[in-house]
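The structure appears below as structure tokens.
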Amino acid sequence: MARYCGPLCKLCRREGDKLFLKGNRCFTDKCAMERRKYPPGEHGQNRGKLSDYGIQLREKQKVRRIYGIMENQFRIYFKKASRMKGITGEVLLQLLERRLDNVVYRMGFAINRREARLLVKHRHFLVNGRIVDIPSYLLKPGDIVEVAEGSKDLPTINESLSIATHRGVPVWLDVDAANFRGKFVRVPTREEIQLPVQEQLIVEFYSK
């Protein structure tokens, strides 16, 4: 299955919630969820009630789309989370939050996770002084993420930093925007991962 390349706003409408896939636009009246709060398609306004399986599936799809992850990779994350200590659903979200592309987005260096993934792939970021071009790279507490010296003048990064105040910086990150760097202080708790998801439904979905 190829990566989704269609309209991002359709994904938010399909899941019935804001997934913040388009950056600054999601905070304006132009957001599709503000204008059309129903699923896309000819029968979007007349769809019936979802079954228990459908509810679990939609929750899994919602998290996948938020982080921009394909099904096989998402399943690998779930299996890894199920083998680790702690509540599986919470550990799953913590693993996803530790991804380098997500941290770059959370620090405000990209307007959304899709852009963050491209910037990482194009070698614009260093971790602990070394270039890392793997978006799924998992950060550890104490890791330093910074923009490469030759990339500090990129309009994309500077524009993102200028509008990052809309979403703020999580308390588990320490960002020095003036020097284009930040620190992954610690793994976030579930309360600090502010996502409109019920991760227990994902656990139930994969436990069938």
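Take Pro135 and tell me if it is closer than 22 Å to Trp172 by Cα, touching an Asp or Glu at 6+ places or on another chain (Cβ under 6 Å) and not small (Gly, Ala, Ser).
In short, yes.
Which ranges mark the helices (runs of 4 or more DSSP H) fully within the stretch 70-115 that have 3 or more residues being more than 17 Å from Val187 (Cα to Cα), more than 11 Å from the chain's Cα centre (by Cα) and of a type outside the set (A, V, I, L, M, F, W, C)?
71-83
Within the stretch 119-129, track down each residue that is loosely packed, with under 13 Cβ neighbours inside 10 Å and part of a helix (DSSP H, G or I).
None - no residue of the stretch 119-129 is loosely packed, with under 13 Cβ neighbours inside 10 Å and part of a helix (DSSP H, G or I), so the list stays empty.
No value in this document is a laboratory result; all are computed from the given coordinates. Values in this document were obtained by computation on a predicted structure and should not be read as measured data. Using ideal geometry, Cβ is built from the backbone for each residue, glycine included, and neighbour counts are taken over all protein chains shown.
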